[in-house]
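The values are calculated or read from the model by the stated rules, or taken from the named source; none is laboratory data. As the structure is a computational prediction, the values presented were derived from the model and not from experiment. Using ideal geometry, Cβ is built from the backbone for each residue, glycine included, and neighbour counts are taken over all protein chains shown.
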Amino acid sequence: MSLKSVVVNPDKQALADLRAQIDKIDFIMHDLLRERAEVIDQVRKLKGKQHIYIRPGREAQMLRALVGRPQGKIPEGLVVRLWREMISSFTLLEGGLKVAVTVPTKGPELWDLARDYYGAFTPLIEFPSAAAAVKAVLAEKATIAVVPFPKQGEKDAWWPLLASNKKNVLTVFASMPFENLKTGRSNVRKSLPHGLVLGKLYPELTGDDYSFLALQCVHVPESEMKRLFGKAGYKVRQLLSQTMGRGGSAPTLYLVETEGYVGRNDTRLSRLRAMLGSRLQHLAPLGGYAAPLKAGRK
């Protein structure tokens, strides 16, 4: 009596074996996520209660390190998107987070950008103007605010609210997006805008940073302000101004973006104060952000 031989399609068997490998990897990844959640919980207990649990400097360094590794066949952009979602979800695990997002009828579409950056589960609150979003954070109706990058001559500029506040409560601490976006790799439907994030948090030094400084002065032209910043040792990227009131004696608010990190006790600040003398009414670092990832991959 002869037995019929069972013919096995080698391609089907190979495919089944590969799918089994994928399932095994998925379970390992899930176990690692559970382990990470346990570690995050221990960190939260050691930190104790805080107003805000975000660590933008650490997040930037973490993503730079990951993207700096060989990527193999990982689809471009996937690592950043996965880690941004994971970072945001675990931040919610540590403590509450509400994001006030600028959504004007005309202008940059920051809602989708904020959703990409802070993940699917972080509560976003819509505000019609950047100033309204900032005021929501000041009133503690939101934890942080997402606002557009400042431009000269804006009717609804948000930065004078911070520059004129001598308590220096809110500062910029991050920019978005952090990765090099391309068309089709973002939920943003129109142009690819850039936003800033601000709140009651001062940014950390990451080694590749940009900073903002706020000043209130009288009788200091823009050209002289740029010259004095250079003399103090700063490299100016952008300088914005807004006069408060009318007349030659009306004070002027300045927002200056510089290269590099500027801490609250930066020694160059004393040089600026000395050079401006009695014309200076207020000077304070206004935070900054870690430079976004450079284009290209390994």
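Worth a mention:
- When residues of the range 245-260 are limited to those that are assigned to a loop (DSSP other than H, G, I, E, B) and either of a type in the set (Lys, Arg) or modelled with pLDDT of 95 or more (or both), the one surrounded by the most Cβ atoms within 10 Å (Cβ to Cβ): Gly260
- Set side by side, the residues Leu97, Leu92, Leu63 differ, and just one is touching a residue at least 40 places away in the same chain (Cβ under 8 Å), part of a helix (DSSP H, G or I) and either touching a Ser or Thr at 6+ places or on another chain (Cβ under 7 Å) or surrounded by 15 or more Cβ atoms within 10 Å (Cβ to Cβ) (or both), which is Leu63.
- The residues of the range 145-165 that are basic (Lys, Arg) and within 21 Å of the chain's Cα centre (by Cα) amount to a single one, Lys151.
- Within the range 229-239, considering residues that are in contact (Cβ under 8 Å) with a residue 24 or more places away in the chain and surrounded by 15 or more Cβ atoms within 10 Å (Cβ to Cβ), the one farthest from Leu162 (Cα to Cα): Ala232
- Yes/no for Arg44 being within 26 Å of the chain's Cα centre (by Cα) and within 30 Å of Val169 (Cα to Cα): yes
- Residue in the range 188-208 that is modelled with pLDDT under 95, within 19 Å of Gln281 (Cα to Cα) and charged (D, E, K, R) present: no
- Test for Gln242: is it assigned to a strand (DSSP E or B) and either surrounded by 15 or more Cβ atoms within 10 Å (Cβ to Cβ) or of a type in the set (A, V, I, L, M) (or both): yes
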